[in-house]
Amino acid sequence: MRAKATLYNKFFYHFVFYLVINMLEVDVIIVGAGASGLMCAIEAGKRKRKVLVLDHANKPGKKILMSGGGRCNFTNYTVEAENFVSENAHFCKSALSRFTQWDFLEMIHAQEIPYHEREHGQLFCNESARDILDMLLSECDKVGADIRLKADILSVQKHAESGFVVKTKTQEITCQSLVIATGGLSIPKMGATPFAYKIAEQFGIKVQTTRAGLVPFTLHVADKEKFAVLSGLALPATISNARQSFTENLLFTHRGLSGPVALQMSSYWYEGEELTINLLPELDLQDQLLQAQKQKIRLKVKNYLCQFLAKRLVVIFLPEELLDLSMLDLTHKQIQRIAEQFNHWKIKPNGTEGYRTAEVTLGGVDCHAISSKTLQANQVPGLYFIGEALDVSGWLGGYNFQWAWASGWCAGQSV
Ligand SMILES: Cc1cc2nc3c(=O)[nH]c(=O)nc-3n(C[C@H](O)[C@H](O)[C@H](O)COP(=O)(O)OP(=O)(O)OC[C@H]3O[C@@H](n4cnc5c(N)ncnc54)[C@H](O)[C@@H]3O)c2cc1C
């Protein structure tokens, strides 16, 4: 009898020990220790909420470290709703106005992180993106936010009384507020997953179709072969379609078209659509050629054009019979044809390089289902979505981080 009781006690104590070790209660669980998740953790921590950040990666903030060529383009001097792509164009306005680029700069100044401005108001670290990550981690530390890495989440359940129960391989954790900050699908090698979309679907929230954004274009085989010799060539260009137009540097690569102007345009491009590229955005070539004829310039066409464009580009774009003509012999039709080639080059990309190299994911958790002020799901109290997981994607230029900081900050005030 006594032996049986001892066995029972042993079992009971083991069971209690198991529960203590394996069950945990916090106020807020944030899934994703990236830009938005860390910002949210800091703000919730400042409000004395007990915060646990879970991430399946072995290190936090990996995308911050690789961003901006290792220098992190952390924000921009000018941030407007027009710099973002979303099915719900007004959604981002509230968060962006509550936590602005100036608020983030205040944090940067407080830490004395050296930074500089590049073109279009883009702000980069002078030294390393690590400065930004270290700042976020040290702020998390100050407010006692706990960050757990290599945490694989097995399930998320909502319970009427206790809020949410998040099950990892080793623990069951309950929380009042659950924040999904797992980003989008870009760069799967860095640990990107569709976790946010799955959670949204689990709770009946619509997910807008996702596709790669801020990504180089690939070309059809014939064009790829034709333009392969231009690989490495960069020049200012304007790329347009019916909805949008950008002027920045264009880079020919061995796969297709890259450079900031191509990346920007990719976020506004749909499969099968033709793009118009102006390879001389500062010059009306037809007018220039007509003027040259009036001035009786006797150069060969190819030599004349080489004043404005790289020779290898001129040679690829025009047939030999035109290249060797004297400028004086050009007919009006030929002038129009040459100008059309460089001022209105029409090209239909084959596709994009996809999530493998995309800087951002377009589409995502439908903003119509989320409060623009708190980032809480309208129909699921306690559930929040922030950062790139949402259907808000910024232009190139620090806008995606500003969205991550702003949405993370706003959720942090509410969780
Ligand atoms: C190469 C590159 C360069 C970039 N450069 C810039 C730049 O200079 N400026 C700019 O503004 N934007 C830049 N971006 C975009 C920017 O990095 C993202 O928009 C931003 O990091 C999004 O923040 P987030 O918190 O939403 O997601 P992320 O920063 O992606 O963080 C998501 C976190 O969730 C974790 N996670 C994912 N799935 C799970 C899961 N199932 N379980 C647990 N954890 C999970 C990930 O490990 C990650 O830590 C760049 C992106 C790339 C890919």
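Read the figures in this text as sums done on the coordinates, not as results from a lab. Keep in mind that what you see is a predicted model, and the values were worked out from it rather than measured. Cβ coordinates were reconstructed from backbone atoms using ideal geometry, including for glycine residues, and neighbour counts include every protein chain displayed.
Per-residue Karplus couplings for segment 269-274, computed as 6.51 cos²θ - 1.76 cosθ + 1.60 with θ equal to phi - 60°, are listed in order as 10, 10, 3, x, 7, 8 Hz, Gly and Pro entered as x. Applied to segment 130-136, the Karplus parametrisation 6.51 cos²θ - 1.76 cosθ + 1.60 on θ = phi - 60° returns per-residue 3J(HN,Hα) values of 4, 4, 5, 4, 4, 4, 5 Hz, with x for Gly and Pro.
Considering Cα pairs under 8 angstrom that are at least six residues apart, work out the relative contact order of segment 356-415 and quote it in whole percent.
Values: 72 pairs, mean separation 20.8, N = 60.
Once normalised by length, the contact order is 35 percent.
Under the criterion of Cα pairs below 8 Å and six or more residues apart, the relative contact order for segment 330-388 equals 19 percent. Counting only Cβ charges, +1 for Lys and Arg and -1 for Asp and Glu, the dipole size of the chain around its Cα centre is about 1100 debye.
Proximity of backbone amide H atoms, modeled 1.01 Å from N, is registered between GLU25 and THR174 at under 5 Å, excluding neighbours fewer than 5 places apart on the same chain. Taking amide hydrogens as placed 1.01 Å from N in the peptide plane, the amide H of GLY34 sits under 5 Å from those of GLY61, each at least 5 positions away in sequence or on another chain. Gyration tensor analysis over the Cα atoms of segment 319-415 returns equivalent ellipsoid semi-axes of 52, 13, 12 Å (largest first, whole Å). Sequentially through segment 214-226, phi angles give Karplus couplings (6.51, -1.76, 1.60; θ = phi - 60°) of 6, 9, x, 7, 9, 10, 5, 3, 4, 5, 4, 5, 4 Hz, Gly and Pro residues having no value and appearing as x. A cut-off of 5 Å between modelled amide H atoms, ignoring neighbours fewer than 5 places along the same chain, links GLY256 with no other residue.
Once you keep just the Cα pairs under 8 angstrom separated by 6 or more residues, what percentage relative contact order results for segment 316-415?
Values: 77 pairs, mean separation 20.5, N = 100.
Averaging sequence separation for qualifying contacts and normalising by length gives 21 percent for segment 316-415.
Work through the residues other than THR100 whose Cβ is under 14 Å from its Cβ and net out their charges, Lys, Arg +1 and Asp, Glu -1. Combined, the nearby Lys, Arg, Asp and Glu give -1.
Each part reduced to its alpha carbon centroid, segment 155-202 and segment 277-303 end up 59 Å apart.
Tally Lys and Arg at +1 and Asp and Glu at -1 over the other residues with C-beta under 10 Å from the C-beta of ASP391: what net charge comes out? Intermediate results must be reported in sequence, preceding the final value.
Working: positive: LYS206; negative: GLU87, ASP366, GLU388.
Value of the local net charge: -2.
Spatial offset of segment 53-84 relative to segment 102-122 amounts to 14 Å, using the alpha carbon center of each. Cross-link partners of LYS169 among lysines, defined as those whose alpha carbon lies under 21 angstrom from its own and excluding same-chain residues fewer than eight positions apart: LYS59, LYS150, LYS158, LYS198. Across segment 18-91, Cα-Cα pairs farther apart than 18 Å form 61% of the total.
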